[in-house]
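The values are calculated or read from the model by the stated rules, or taken from the named source; none is laboratory data. Being a predicted model, the structure only gives us computed values, none of them experimental. As a convention, Cβ positions derive from the backbone with ideal geometry for all residues, glycine included, and neighbour counts pool all protein chains shown. Note: areas computed on protein heavy atoms with side chains; ligands, DNA, RNA excluded. Shrake-Rupley method; radii C 1.70, N 1.55, O 1.52, S 1.80 Å.
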Amino acid sequence: MIEPSDILKFLLHQIDGKGKPYENTVRYSVVRFLLAVIEGSPVKAEDKALLRGAEPFDKNIFIEPFLGAVNVLFIIEPEIEKRIFEDEYLLPELNTYIVESANTAISSNIFDFANGASGMLFYLKSVNSSEILCLKSRFVSGVRNYVDKRAYTLTENPQYLLSKLTDTLIGIYLNKPNEIEETELTDTIDTCFNAMFSYWQEVNHEDKKYLFLGKNLKYPTLKGLLTWRDGDIQKAIVTIVYSVLKNNKPLYKTGLLLGLHTLILPDLFDDNIDGVGFYSGALGPYYGYKLLYDFTDDINFLEASDLWMSRLEANLTKIIYAQKELSFQEIMMIATCYAFVNQKSQYNDYTREIF
């Protein structure tokens, strides 16, 4: 079993080793900042100064992987979402840049999660300053217009985009920003979820029918159907959370069934997930199955999460022993794995109280 200290030592070697190019200084400060937030330890003054004073060009380089990593941490460790907006960790200049970027993305109808308005609003969803409330209102109206025009059909993976939009909107709703018109917000959530669910398809396999919401099964992009980005684990969780929001027991059972059907995917398709990342590696399936188990008490999900934890540890061990220099995005990915293995995750089991 890999130890958290092994991962941390590897990360620190990657960012503090000699011979690093000067232009990478800001990006390594981002990683050190992330590790401080994960551990709840003080941020080095020089790192905070570098991040607060970063030029727009530097921010453009690190903003997408930064948001990607932080949003994963928000998902797996609720305390981090509170911590990162506390005075000790607050980076006003960086957050202002994110708000400005989100406004630009909304105006340009860019709503994807990786580098669009959805990921930025997911990051900001728990903040209720007057400026962010105005941004949230613009986001809700923009999403409604975007989905009504079916602009999502032009994207590479509309199912994933719609599921993340639904997830982000539910996050905004649960934070209860009173200044946003509740009817408009709930109607937009309904619109996004229904658009996502319209992609459902039944697949016959060994005289049984299975339900999928992932990519079209006619295309050879099936390896990703287990991943958080392309597959149905994430969509099963969104369906269950939405069903709780609507107090809809039949839909809850559909979400459960959707999750259970992903368990046959390794038999149906070529499963070669050998990475460690959340969106396309072993970390996503591990977290997803663990959360599905917490929601449902179904032992099949617990067994699946244990399997993926073993895969995650094996893949992490391979990377660490290889000792090769990683890219910035890979380093950020390993940092999120460190948070997991460090056993800082907290899981929400409020669905058990309802159903």
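Look at Leu257 and say whether it is over 25 Å from Gly68 (Cβ atoms), open to solvent by 20 Å² or more (accessible area, probe 1.4 Å) and at pLDDT 90 or above.
Yes: the conditions hold for Leu257.
Restricting the search to region 61-78, which residues are out of contact with any helix residue (DSSP H, G or I) (no Cβ under 7 Å at 6 or more places or on another chain) and within 14 Å of Lys125 (Cα to Cα)?
Selection gives Ile75, Pro78.
So is Phe139 open to solvent by less than 50 Å² (accessible area, probe 1.4 Å), in a helix (DSSP H, G or I), at pLDDT 95 or above and out of contact with any Asp or Glu (no Cβ under 8 Å at 6 or more places or on another chain) or not?
Here the answer is yes, as Phe139 does meet what is asked.
For residues that are touching a Ser or Thr at 6+ places or on another chain (Cβ under 7 Å) and either hydrophobic (A, V, I, L, M, F, W, C) or part of a helix (DSSP H, G or I) (or both), scanning just region 64-84, find the one that is farthest from Tyr287 (Cα to Cα).
Top of the filtered list is Glu81.
Of the numbered conditions (1) without any contact (Cβ under 8 Å) to a residue 12 or more places away in the chain; (2) under 27 Å from Asn194 (Cα atoms), Asp232 fails exactly one; give the number of that condition.
Only one criterion in (1) without any contact (Cβ under 8 Å) to a residue 12 or more places away in the chain; (2) under 27 Å from Asn194 (Cα atoms) is unmet by Asp232, namely (1).
Mind checking whether some residue in region 144-154 is surrounded by fewer than 24 Cβ atoms within 10 Å (Cβ to Cβ), within 22 Å of the chain's Cα centre (by Cα) and in a loop (DSSP other than H, G, I, E, B)?
no
Would you mind stating whether Ser243 is hydroxyl-bearing (Ser, Thr, Tyr) and open to solvent by 50 Å² or more (accessible area, probe 1.4 Å)?
It is false that Ser243 is hydroxyl-bearing (Ser, Thr, Tyr) and open to solvent by 50 Å² or more (accessible area, probe 1.4 Å).
If I filter region 97-122 down to residues being part of a helix (DSSP H, G or I), open to solvent by 60 Å² or more (accessible area, probe 1.4 Å) and not charged (D, E, K, R), which single residue comes out as nearest to Lys149 (Cα to Cα)?
Ser107
For region 30-53, check the following and say yes or no: at least one residue is hydroxyl-bearing (Ser, Thr, Tyr), surrounded by 17 or more Cβ atoms within 10 Å (Cβ to Cβ) and free of Cβ contacts under 8 Å to residues at least 40 places away in the same chain.
no
Can you name the condition, by its number, that Tyr89 falls short on among (1) touching a helix residue (DSSP H, G or I) at 6+ places or on another chain (Cβ under 7 Å); (2) in a helix (DSSP H, G or I)?
(2)
If you check Lys246 against the conditions, is it under 19 Å from the mean Cα position of the chain (by Cα) and among the basic types (Lys, Arg)?
no
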